[in-house]
Amino acid sequence: MPVANEGVLTLTVGMKVSPDGSAGVELLKAYRSALNHAINKILSLNLRTVKDVHRALYRELVERFNLPSRVAIDCYRDALANVKAWRRNPRKGRRPVVKKLSMLLHQGSGYRVKDGYVEIIGGVKLRIIGWDRRYDSYPSGEARLTYRDGSMMLWISKRIPKPETYTPRDVIGVDVNEEKIVYGDEVINEEKDTKISRAEKFRVLAELLQKKYSSPRYQAWKRRRGILNRIRAFHRKARNILVDNARKVAHEIIATAKRLGYAVAREDLTGLKESLRRLPKTHRTRLLLIGYSRIERWIDWQASKHGVPRVVVDARNTSNECPKCDYIGLEEVGYRRLRCPRCGFEADRDEIGKLNVRKRALRILSITGGALTPPTAPQMTDVTPNRWGEPRSRPKGGNPRPLGRGGGQKLYVGTI
Ligand SMILES: [Zn+2]
């Protein structure tokens, strides 16, 4: 998963390589054995520093596990990083065991990319089959060589400068619920499926298969490789559906914001995720957690990558606060329609959240009125037209703000 830091973005570029007979896979397997051995030893001896770890493990990794000397160093560093992550985890269980075939490599000393080959220093040379060339001009950092489902990849981290952002003239609000990701402003309204239900079907399939082959005393499915693989494939499918969807929708949202010169605003879903974690771990709660986390991370990442300003707003009451007058306690007035008993504002349930997220972000950014609304804006029938665009006589929390450019088409410019 990409990360955005001050001024720099770190992303990972995949390079497909040929496994080169079995040498590459053998090296990865030796690395995995060495890594698990190192993790155990670091924990048993309670080692904390690279220096101590080097002293305790370097020679052993080279001599007993046959690792090239540079690979041995990367291996114990990898082990120490695994241990540190495990020590930090408040819910840690048994000692960590690495099952994946994945090898850490440092640029320059651990691997080299040259003349169509990836060379693992002191180890193997792997032919490059294909890669994403868009980031070739940026310097490479550490990498990971992985092997899964017959495919060998080198994942190289790249540091690229963050693009400049702009001063937003309005905000695209994003509201995420179980079924939908809704985004837009008071004119734009896009609704996308979260795909939670679709992902859940694959989880259910996995469970049915698991039940079919298990009895309380003899879990047959664990012994039959074919069945186990099918169960795993269903779980992976469920996860991939959510991850791919989050990436796609986040990209659409950010592209829309960038095209219009808007910022993007999302809710802070931390509280929601915490409450989900306290619920019984059903398929649905697990999938919701994945779904919510991924959409947050992809929105943040795409915003950084494309220089779109991003705001995170408080998620409390976004679904029952009036986007126009801030009254909390909207009333249901029909199928999925809510109305404000104080000011008469009425909208679809799914749009309320989005409008509140946008409203809060506009306040944070001190944008008054937002962008000029296109003339095709839907007319509000239950608001007196001559009140539109007027400043509210009693604005919430402070001095009256000057009016924006909105005028007649604005729906709730006065409250902002
Ligand atoms: Zn209201």
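Just so it is clear, none of the values below were taken in a lab; they were calculated from the coordinates. If you're wondering where the values come from, they're calculated on a predicted model, not measured in any experiment. In this analysis, Cβ positions are derived from the backbone assuming ideal geometry, glycine residues included, and neighbour counts consider all displayed protein chains.
Each residue of region 30-37 was assigned a 3J(HN,Hα) from its phi angle through the Karplus curve 6.51 cos²θ - 1.76 cosθ + 1.60 (θ = phi - 60°); the sequence is 4, 4, 4, 4, 4, 4, 5, 4 Hz, with glycine and proline shown as x. Placing dummy labels 7 Å off each Cα toward the beta-carbon, the span from Lys92 to Lys248 is 4.0 nm. Each peptide in 231-237, 357-363, 113-119 was scored by the mean count of other Cβ atoms within 10 Å over its residues; highest first, the order is 357-363, 231-237, 113-119.
Remark on Arg337: its backbone amide H falls under 5 Å from those of Arg349, a criterion applied only to residues 5 or more positions apart or on other chains, H modelled at 1.01 Å from N. Given R0 = 56 Å, the distance between the Cβ atoms of Val8 and Ser214 translates into a calculated FRET efficiency of 0.70.
Near the amide H of Leu9, within less than 5 Å, lie the amide hydrogens of Ile160, Lys162, all on another chain or at least 5 residues away, with H placed in the peptide plane. Karplus-based coupling profile of region 340-355, in residue order and whole Hz: 8, x, 8, 10, x, 4, 9, 7, 5, 3, 5, 8, 4, x, 4, 5, with θ = phi - 60° in 6.51 cos²θ - 1.76 cosθ + 1.60 and x standing for Gly or Pro.
For region 146-158, the Karplus equation 6.51 cos²θ - 1.76 cosθ + 1.60, evaluated at θ = phi - 60°, returns couplings of 10, 9, 8, 6, x, 10, 9, 10, 10, 9, 9, 7, 10 Hz by residue, with Gly and Pro reported as x. Counted residue by residue at 0.36 nm each, then reduced by the alpha carbon distance between them, the extension gain from Ser18 to Lys84 reaches 20.5 nm. Put simply, the amide H of Asn177, placed in the peptide plane, has neighbours under 5 Å in Val182, leaving out anything fewer than 5 places away on its chain.
Restricting the calculation to Cα atoms, region 3-161 shows an Rg/Rh of 0.98 when the hydrodynamic-style radius is the Kirkwood one.
Projecting the Cα atoms of Gly116, Trp86, Gly24 onto the charge dipole of region 3-161 (Cβ charges, centred on the Cα centre) puts Trp86 farthest toward the positive pole.
Shape class for region 275-378, computed from the alpha carbon gyration tensor (a ≥ b ≥ c): oblate, with a/c not under 1.5 and a/b at or below b/c. Between the C-alpha center of region 142-209 and that of region 222-280 there is a gap of 6 Å.
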